[in-house]
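Report on one structure; see the data block that follows.
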Amino acid sequence: MLNQIDWIHPKINSVKGLALTIAAIPVAMLCMVLAPYFLLQNQKSLEQALTEKAQSVANQLAYIGEYSLVSGDLDSINNVISQILNKQQELCDIKLIDQRNNLILQQTTQCVQDKNTFVINKPIYLSSPDIGTLDIDDKIHITSRETQAQPSPQNQQAGSVEIVISRHLLQQQQKQMLLNGILLICVALCLSLIVGYLLSRRITRPLLYISNAVKNITEKKYIYVKTESMGGEISELASNLNAMTKNLEQSKKSINKYIQKLKIAQKEAEEARYAAETANNSKSEFIALISHEIRTPLNVSMSLLQILEDTQLNDVQKRYVRNALRSSEHLLKLIDDLLDFSKLSFDKVSLEKQPCDIGELVQNIIDNTKPAAREKDLELNYHHLGELDIQKYLMIVDPTRLQQILYNLIQNAIKFTNQGKVTLNVKCKKIDDAKASIIFEVQDTGIGIADDQLELMFDAFERGEPNLTNRTYEGYGLGLNIVQQLITLMDGKLEVQSTLGVGSTFQCHLMIDYIKKANSFTSSKITTEELKGSNILLIEDNAQNQETFLLLFGQLEITIDTAKNGYEALQMHLEQYDVIFMDIHMPGMDGFELAKKIRQHENDNRSTIQQRIPIIAITADVQNSTKEKCFASGIDDFLAKPIRKFELYRITESWLKTKRQIWSIIDKIQQN
């Protein structure tokens, strides 16, 4: 309905404007129609009255003129004409003409010059009447004889009376009538506007109350409208508004109560979250602490077992040592998995991508898992399939996490396979010149997994064996869960197909960037010949760890000096050493502060110390934050306890090669 009046001027498009318009329009239309009609009628009436008046005067003068013409007494009619002209201002000229059309008598007034006139000619006929008396006033009444003898064949025309009448007074009367009509119209319009204004006030005042009430509602002030002075639809509208206000007020109270409850619940949730985070942080710190405390003695035992394995042992003793090493490795894997599970739970695991020789990494995993497969008389195979030769390219990947994924999958396959074989297939497909799709597929001929257990296999601590007192296979149910989370972190996916009693196939799908292997790229396979003649400094406060470290290098021609703490190390000639190994957590001065002082010593003595000495941290704390802190303090590399002989030789050889290459470049520059 509102759209029907959108064309109205904005000032009119309101209740007050509409009320005034509605009141004024009918009156204006009525005046426009009736005013011209009545003015026209009045004008005709005035003209007709003037004509009739002139005719009456002409008739009377014709009657008197008959007497004057017969008797020759012109003075009487002259006096009558003078009186008539004085009384009747609209008469301009009166003439008395005989039968020969000669002017006998004429009287004029000033209005004779008026051009807007009309003429009345009245013939005078002879008769034998009895002349009565005349009473001349404004309307000229004849007392004895009202009319002149009517013409007849016996009557003879004696002359005529000619009267000139001016319309000037008539026009003045018409103008005055028009002005009066306009004034009347204005009065009518004013009265209609007053009525419309009073009517609009009766409508708009309640609406203003309602509008203010709505405004108060928008400002969240719930004030009710008084409906006593209202009536009809306005009163009903106000009542409905009051009902809505009441509902809104009640809703606001309910919402406020709900908000208060939410705030209380939020506060309780924050407190619960804080308590949970505190508990989880405490759990993580506890796991890290336990890991550190276990790794320290485990480092000694595993190092000694590795050394003992290289001595002259009989078959029984070798079996004992292998069993002890396997148990130590199992314990170490449990510790690593618990730490990784804790980190993954709090999204604290980040990928460290770097160029990696996938073929060599996979071969190392196969070599490390072959002893476990041989113990169960299983065949362990590795095949490379696909169009991209991984021997010619380096893959940009986190090698530590990829190795952890493949190692867990192969170990899991070996554990649940009693006979047959375990096969690792690497399928590499080239996507473009910089990206490849790689599928690591681990197949086994083991016991398989039931369909209803497939999804549960990836849950933490899920082993698929509900009876813990009658366990067939070792394990704690974290391996596959960690594998799945790491693959997801790498934007990959893990698929599994299994048939109960036949075997299982696990597929790890990854999209990996790759680069062509440079000619200068060297394999990570170590040769102990590279280590001979090296000078190494070990900074370690634990005597057992010092002894173990010396024993690990004892079979090589290497000079190893030791320092019990950082203060003692700073007193030594550090520039004579090729590599420095140091513990992080030492009393007095920890490894971070010591590394900073060594780097500062190098900067202060740049004239005599021309090359940066590689510093390698040895610690049981394997948290990412610890690694970051190591690199920030000037430490070059990181070796986690317990120390594996292979890793110790590899990292030492790597930094010795780097240092020798730098010295070679410096020598060439100096020679030139």
The listed residue being touching a Pro at 6+ places or on another chain (Cβ under 9 Å), surrounded by fewer than 15 Cβ atoms within 10 Å (Cβ to Cβ) and assigned to a helix (DSSP H, G or I), out of 273, 326, 295: 326
Residue within the stretch 456-467 that is of a type in the set (Lys, Arg), modelled with pLDDT under 85 and out of contact with any Cys (no Cβ under 8 Å at 6 or more places or on another chain) present: yes
Hits in the stretch 75-99 (condition: more than 20 Å from residue 166 (Cα to Cα) and either of a type in the set (Phe, Trp, Tyr) or part of a strand (DSSP E or B) (or both)): 97, 98
Pairs where the first residue, in the stretch 477-495, is farther than 14 Å from residue 406 by Cα and the second is assigned to a loop (DSSP other than H, G, I, E, B), C-beta under 7 Å, 6+ apart: 477/460; 477/461; 477/462; 477/463; 478/460; 478/461; 489/349; 489/351
Residues that are outside any helix (DSSP H, G or I), aromatic (Phe, Trp, Tyr) and in contact with a helix residue (DSSP H, G or I) (Cβ under 7 Å, 6 or more places away or on another chain), drawn from the stretch 407-447: 440
Some residue of the stretch 381-396 being surrounded by 18 or more Cβ atoms within 10 Å (Cβ to Cβ) and closer than 19 Å to residue 333 by Cβ: no
Leading residue by the ranking (nearest to the chain's Cα centre (by Cα)) among those in the stretch 390-406 that are closer than 14 Å to residue 363 by Cα and in a loop (DSSP other than H, G, I, E, B): 390
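If I ask for residues that are acidic (Asp, Glu) and farther than 25 Å from residue 332 by Cβ, which ones from the stretch 590-645 would you list? Break it down stepwise before answering.
Residues of the stretch 590-645 acidic (Asp, Glu): 590, 593, 602, 604, 621, 628, 636-637.
Across the stretch 590-645, the qualifying residues are 593, 602, 604.
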Residue list for the stretch 534-552, filter: open to solvent by less than 60 Å² (accessible area, probe 1.4 Å) and in contact (Cβ under 8 Å) with a residue 24 or more places away in the chain: 534, 535, 536, 537, 538, 539, 540, 542, 545, 548, 549, 552
Flag if residue 402 is modelled with pLDDT of 85 or more and buried (at least 18 other Cβ atoms within 10 Å of the Cβ): yes
Close pairs from the stretch 609-627: first farther than 17 Å from residue 593 by Cβ, partner modelled with pLDDT under 85 and in a loop (DSSP other than H, G, I, E, B), Cβ under 6 Å, at least 6 apart: 620/641
Matching residues in the stretch 172-222 - criterion: being loosely packed, with under 14 Cβ neighbours inside 10 Å and either assigned to a loop (DSSP other than H, G, I, E, B) or touching a His at 6+ places or on another chain (Cβ under 7 Å) (or both): 219, 220, 221
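Any residue at all in the stretch 243-252 that is more than 28 Å from residue 206 (Cβ to Cβ) and either open to solvent by 100 Å² or more (accessible area, probe 1.4 Å) or among the charged types (D, E, K, R) (or both)? First the steps, then the outcome.
Step one: list which residues in the stretch 243-252 are more than 28 Å from residue 206 (Cβ to Cβ), which gives none.
No.
What tally of residues in the stretch 570-582 results from selecting those that are under 26 Å from residue 621 (Cα atoms) and open to solvent by 10 Å² or more (accessible area, probe 1.4 Å)?
So in the stretch 570-582, the residues under 26 Å from residue 621 (Cα atoms) come out as 570, 574, 577-582.
Retained after the next criterion (residues that are open to solvent by 10 Å² or more (accessible area, probe 1.4 Å)): 570, 578.
Matching residues across the stretch 570-582 total 2.
The values are calculated or read from the model by the stated rules, or taken from the named source; none is laboratory data. Given the structure is predicted, the values throughout are model-derived calculations rather than measurements. Neighbour counts run over all protein chains shown; Cβ positions are idealised from the backbone, glycine included. Each accessible area value is taken on the protein alone, full model and side chains, heavy atoms only, with ligands, DNA and RNA left out. Shrake-Rupley method; radii C 1.70, N 1.55, O 1.52, S 1.80 Å.
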